[in-house]
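Any read-out appearing in this document is the output of simple, stated calculations on the displayed coordinates, not a laboratory observation. Just so we're clear, the structure is a prediction, and the values are computed from it rather than from any experiment. Here the Cβ is made from the backbone with ideal geometry for all residues, glycine too, and neighbour counts use every protein chain on show.
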Amino acid sequence: MANKATRESFGEMLVELGAKNENLVVLDADLSKSTMTQAFKKKHPERHFELGIAEQNMVGAAAGLALSGKVPVLTSFACFVVGRLEPIRVSAAYNRTNVKIVGTHAGIGIGEDGTSQMGLEDVAAMRALPHMTVLQPGDDAEARQQVRWMIEEHVGPVYLRLTRQKMPDVHADGWTWEPGKIDVIWEPAKKPAKYQATLIASGGPVPCAVEAAQELEKKGFAVRVADAGTLAPFDGAAVARFAKDSQRLVSVEDHNVNGGLGSAVCEAAAERGLAVPVVRVGLRDFGESASPAELYDKYGLSAPHLVEACLKNLD
Amino acid sequence: MTPATGATADLKELKDLARTMRVDIIRMIEAAGSGHPGGSLSVIDLLTVLYWRFLRHDPKKPDWEERDRLILSKGHACPALYAVMARRGYFPVEALKTLRKLDSPLQGHPDRLRLPGIEFSTGSLGQGLSVGLGMALAAKLDKKDWRTYVILGDGELQEGQCWEAFMAAPKFGLDNLVAIVDHNGGQIDGPVKEVMDLEPLADKLRAFNWEVQVVDGHDLAAIEKAYLGARLAKGRPHAIVAKTVKGEGVSFMENNIAWHGSAPKKEDADRAVQEILNGK
């Protein structure tokens, strides 16, 4: 068990990749201790730029670095960096610069700091931008592979959304992440003709979805869990496959249900004319201060609530 | 001057060229039926001296790695930049007629993915200096001697992002970064000093630790001297506040905010062209 926050996995990968990639540069806006870029900064001070509490300038500076052959990774909390949507729209997306935007402290999973520090609408905003790839890992293995891919392989703007809270491993050793694909991470022992539900989760609540599916299996309900590590472009074909053999789809995200994963699932189903109910689990309001576990419970993201979402009557 | 600029025009020739390009600006905006003549006419002299005398570039190799970078952050003045690029050989002068037309590389605001030679797609005011700062950082990292020039509008400086960039550039000792402010005093809603006063602008920039020169933005010799001065900057970024006249060269457009963002019809365009050609 790695049991590591995805921001920690990201920080470790930066050091690893930075050792051989001379073009990798990192930009921060006074949150490097929280976004986990300090290790990179210590190792490569000449390639780390502290820009102060001025995120929009950081976005533009990253674009300029990218246009001059660098691979800039800029970090802040998800809410603060995506709050500078218009500079991101023009300097990153419209100019199609090779900028890697990393937003940590996704969702109510940050806990006690409360709503003003929680990224809760960032996926919706970033998903609306042409050319923007949106990634969200559910554990250490997925985070590492996504960071490597966005820096070493993919040319173009990327938004990577990471957790403050620790995440247990949900992927087996040797598992390979495939960009752009939703992958099934948990299946009931006995494959049914029709699943009670397919849980499609992303980021923080992925382990809750696995726990819920295991609980449901004990109760005699076959539910599988899929992990949407890429939120844009979205794997609509996977949704179509799940729709064929599931009585319902349940999307699970630590983000507002509008514009995020839940919307993406509904869009994919509706555009294909698939008559499948979609239960969207996620935020429908701002969050508040409490422990992450208390908040996941209060806002319906914890396993018991996901069990309920798979079984409740739909009206 | 480096050989790559390939231009040896003297100031008199440059003045004639600027006149020709003022006509280009009027005619292309007339043909487009929309556009921004005022700010294009105010910035054209600054661009002319830069593109013929200072910018290290090669119109035949717009992606040459050693080139100087120029960002027109006040992207709405792109008719001036397009005229300069056409006259400098980036594309045929004929193409100016396609401004703002379907499938034209000459977008209403500059688009780097459609027109080679555009370093950064602008039009959303406030972002260019940050991007120029990133470019200048990259040149320093790679120990390259190419320079980055960013042309900003004065109204544009009301955007907070500009001041974030002004604050950041001295921290990194970016003496390879030059900010040129086309200080024409006008913006859409009225005079800059009424909409949101910037003065004392030069003092503010000095207080932000920039080296600052204030020049007459229509005096080609003064502009040349200012650009030379900027080259001598050591350890600090350099700003040139160019006092200009919105609509310069066309009497009925000069300092008339109505011509910030409206295209002349044929009759006005003909009058404007006559005035430019008869001008000093």
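How big is the charge dipole of chain B about its Cα centre, in debye rounded to the nearest 20, if each Lys and Arg gets +1 on its Cβ and each Asp and Glu gets -1 on its Cβ?
Charge dipole of chain B: 660 debye, to the nearest 20.
Which aspartates and glutamates have a Cα lying under 12 Å from the Cα of residue A:166, excluding residues fewer than 8 positions away in the same chain?
Straight-line reach from residue A:166, under 12 Å: A:8, A:139, A:140.
In terms of the Cα gyration tensor, with a ≥ b ≥ c the square roots of its eigenvalues, is segment B:39-100 rounded because a/c is under 1.5, prolate because a/b exceeds b/c, or oblate?
Oblate, because a/c is 1.5 or more while a/b does not exceed b/c.
Relative contact order of segment A:1-144: what whole-number percent is it, with Cα pairs under 8 angstrom and at least 6 residues apart?
RCO, segment A:1-144: 25 percent.
Can you compute the FRET efficiency between residue A:291 and residue B:16 using 1/(1 + (r/R0)^6), with r the Cβ-Cβ distance and R0 = 51 Å? Round to the nearest 0.05.
Values: r = 74 Å, r/R0 = 1.45.
Approximately 0.10, to the nearest 0.05.
Considering all projection directions equally, how large on average is the shadow of the alpha-carbon convex hull of the protein assembly as shown, in square nanometres?
Average projection, Cα convex hull of the protein assembly as shown: 28.9 nm².
Lys/Arg Cβ at +1, Asp/Glu Cβ at -1, dipole of chain B taken about the Cα centre: which of B:26, B:137, B:274 is farthest positive-ward?
B:137
Just to be sure I understand: of the beta bridges DSSP finds with both ends in segment A:182-311, what percent are antiparallel, rounded to 5?
Of those bridges, close to 20 percent are antiparallel.
Which GluC sites (Glu not before Pro) in segment B:55-125 sit in a loop by DSSP (not H, G, I, E or B) and have at most 10 other Cβ atoms within 10 Å of their own Cβ?
B:65
Using +1 on the beta carbon of Lys and Arg, -1 on that of Asp and Glu, and nothing else charged, what's the dipole of the protein assembly as shown about the Cα centre, debye to 20? Don't skip to the end; give the middle numbers.
On the way: 71 positive and 78 negative charges, 239 e Å.
Value, rounded to 20: 1140 debye.
Output wanted: per-residue J couplings in Hz (rounded whole) for segment A:304-315, from phi through Karplus 6.51 cos²θ - 1.76 cosθ + 1.60, θ = phi - 60°, x for Gly and Pro.
Once θ is set to phi - 60°, the couplings for segment A:304-315 become x, 5, 6, 4, 4, 5, 7, 10, 4, 5, 9, 10 Hz.
So if I take the centroid of the Cα atoms in segment A:155-169 and the same for segment A:249-312, what is the distance between those two points in Å?
19 Å
For segment A:210-315, with the dipole built from +1 on Lys and Arg beta-carbon atoms and -1 on Asp and Glu ones, taken about the Cα centre, which of A:290, A:274, A:223 lies farthest toward the positive end?
The listed residue farthest towards the positive side: A:274.
Please say if segment A:1-45 is rounded, prolate or oblate, where rounded means a/c under 1.5 for a ≥ b ≥ c the square roots of the C-alpha gyration tensor eigenvalues, and otherwise the choice is prolate for a/b larger than b/c and oblate otherwise?
On the way: a/c = 2.45, a/b = 1.27, b/c = 1.93.
It comes out oblate by the Cα gyration axes.
Given N residues in chain B, what is its alpha carbon radius of gyration divided by 2.2 N^0.38 Å?
0.93
Could you sort the peptides B:55-62, A:233-240 by per-residue average Cβ neighbour count (10 Å cutoff), highest mean leading?
Result, highest mean Cβ count within 10 Å first: A:233-240, B:55-62.
For segment A:158-223, which trypsin sites (Lys or Arg not before Pro) are in a loop by DSSP, counting at most 13 other Cβ atoms within 10 Å? All intermediate terms of the calculation are to be shown ahead of the outcome.
Numbers: sites: A:161, A:164, A:166, A:181, A:190, A:194, A:218, A:219; in loops: A:164, A:181, A:190, A:194, A:219.
Those satisfying the criteria are A:190, A:194, A:219.
Could you please state, rounded to a whole Å, how far the C-alpha centre of segment B:55-73 is from the C-alpha centre of segment B:87-130?
14 Å
What is the mean number of Cβ atoms from other protein chains located within 10 Å of the Cβ atom of each residue in peptide B:138-147, rounded to a whole number?
Rounded to a whole number, the mean comes out at 3.
So what's the angle, to the nearest 10 degrees on a 0 to 90 scale, between helix B:37-49 and the longest Cα principal axis of chain B?
Between helix and principal axis, roughly 50 degrees.
Using mean Cβ contacts within 10 Å as the protection proxy, how do B:130-136, B:41-47 order, highest first?
B:130-136, B:41-47
Check cross-link reach from residue A:43 to the aspartates and glutamates: straight Cα distance under 13 Å, and skip same-chain residues fewer than eight apart.
The reachable aspartates and glutamates, counting only those whose Cα sits under 13 Å from residue A:43, are A:12, A:16, A:22.
Each residue of segment B:72-85 in order: what ³J(HN,Hα) in whole Hz does its phi give by Karplus 6.51 cos²θ - 1.76 cosθ + 1.60, θ = phi - 60°, with x for Gly and Pro?
8, 5, 7, x, 5, 8, 4, x, 5, 5, 5, 4, 4, 5
Determine the distance separating the Cα centre of segment B:143-172 from the Cα centre of segment A:101-143; give it in Å without decimals.
30 Å
Size of the dipole of segment A:1-145 about the Cα centre, Lys and Arg at +1 and Asp and Glu at -1 on the beta carbon, nothing else charged, in debye to 20?
Approximately 460 debye in magnitude.
Once amide H atoms are built 1.01 Å from N in the peptide plane, which residues 5 or more positions from residue B:263, or in another chain, come under 5 Å H to H?
For residue B:263, the qualifying residues are B:35.
Evaluate peptide A:50-57: per residue, the Cβ atoms of other protein chains within 10 Å of its Cβ; return the mean as an integer.
Per-residue shielding by partner chains comes out at 6.
Within segment B:158-280, how many Lys pairs that are eight or more residues apart, or on different chains, come under 28 Å at the alpha-carbon?
Count of close lysine pairs: 23.
What does the net charge come to around residue A:277 if you take all other residues with beta carbon closer than 11 Å to its beta carbon, with K and R at +1 and D and E at -1?
Here the count lands on +2.
Give the average, rounded to an integer, of partner chain Cβ atoms located within 10 angstrom of each Cβ in A:85-98. It would help to have the intermediate numbers written out before the result.
Details: counts 0, 4, 6, 0, 2, 11, 10, 0, 0, 7, 10, 3, 5, 0.
Going residue by residue through A:85-98 and averaging, the value is 4.
What base-10 log of the normalised intensity I(q)/I(0) is obtained for chain A from the Debye formula, alpha carbons as equal point scatterers, at q = 0.07, 0.08, 0.09, 0.11 Å⁻¹?
With one equal scatterer per Cα and no solvent, log10 I(q)/I(0) is -0.25, -0.33, -0.42, -0.62.
Evaluate the relative contact order of segment B:57-104 (contact order divided by residue number), counting alpha-carbon pairs under 8 angstrom at least 6 apart; express in whole percent.
30 percent
Which ³J(HN,Hα) values in Hz, rounded to whole numbers, follow from the phi angles of segment A:175-181 under the Karplus curve 6.51 cos²θ - 1.76 cosθ + 1.60, where θ = phi - 60° and Gly and Pro get x?
With coefficients 6.51, -1.76 and 1.60, one gets 5, 10, 7, 10, x, x, 10 Hz.
Bin width 5 Å, origin at 0, all Cα-Cα pairs of segment A:182-311: what percent of pairs per bin?
2, 12, 24, 25, 20, 11, 5, 1, 0
Any idea what the relative contact order of chain B is, in percent, if you count C-alpha pairs under 8 Å spaced at least 6 apart? List each step's numbers first, then the result.
Numbers: 559 pairs, mean separation 64.3, N = 280.
Result for chain B is 23 percent.
With the alpha-carbon atoms as the only input, what is the per residue convex hull volume for segment A:4-167 in Å³?
That works out to 93 Å³ per residue.
To the nearest 10 degrees, how steep is helix A:261-271 against the longest Cα principal axis of chain A, on a 0 to 90 scale?
60 degrees
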